[in-house]
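Working notes for the structure below.
Every number in this text was worked out from the coordinates using simple rules, so none of it is lab data. No experiment lies behind these values; they were computed from the predicted model shown. Here the Cβ positions follow ideal geometry from the backbone for every residue, glycine too, while neighbour counts run over all protein chains shown.
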Amino acid sequence: MNTPKLDRVFEQLKETRIDLTAYDASAEEVAFELTTFDTFIAGAATTVLSGCAPSPEVEHVLERPLPLRGTIWSTQSDREVDLADVPELLNYARIIEAVRKSCLAHVRN
C-alpha cells in the first residue's frame, strides 16, 4: 500500500512534543485529551503503515473527526476552549487530525 502522505504526517506527529504541565486548567484538559487521541491515532497509523487493516472498531473511531472547529476545541466535559492563544496545542490537534484523515483514506482504499 502506498502511504506517502500518511508517512509524512505520522512523522510530524512523532516529532511533536508538548509539556502537559505548561498550561492553565482549561488548556491542560485539552492537552490531556490530545495525548489520548495521539496514542490511539498513532496506534492506528502504525497498523496501517505495517500493511495491516485496523479492526472495524478502530475504523469506526477513525471516522469521527477530532472535536476541533477552527480554533475551538470541545472537551469531553462539554467545555469549549479557544486554542488561538495556545498555538502549540492547536498545531498538535491539527497534526493528529491530519494523521486520522490520512489513516481513514488508506483504510477506505
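Structure notes:
- Remark: relative contact order (the chain) = 37 percent; criterion is Cα-Cα distance under 8 angstrom and separation of 6 or more residues.
- Under 5 Å, built H, 5+ apart or other chain: amide partners of residue 72: 83
- In sequence order, region 64-80 has phi-based couplings of 9, x, 4, x, 10, 10, x, 10, 9, 9, 9, 6, 5, 8, 6, 9, 9 Hz under the Karplus curve 6.51 cos²θ - 1.76 cosθ + 1.60, θ = phi - 60°, and Gly or Pro positions carry x.
- Alpha-carbon centroid distance for the pair region 76-101 / region 17-61, whole angstrom: 12
- Across all C-alpha atoms in the chain, the radius of gyration and Dmax reach 14.0, 42 Å.
- The residue among 72, 91, 105 whose Cα reaches farthest toward the positive pole of the charge dipole of region 17-109, with charges on the beta-carbon of Lys, Arg, Asp and Glu, is 105.
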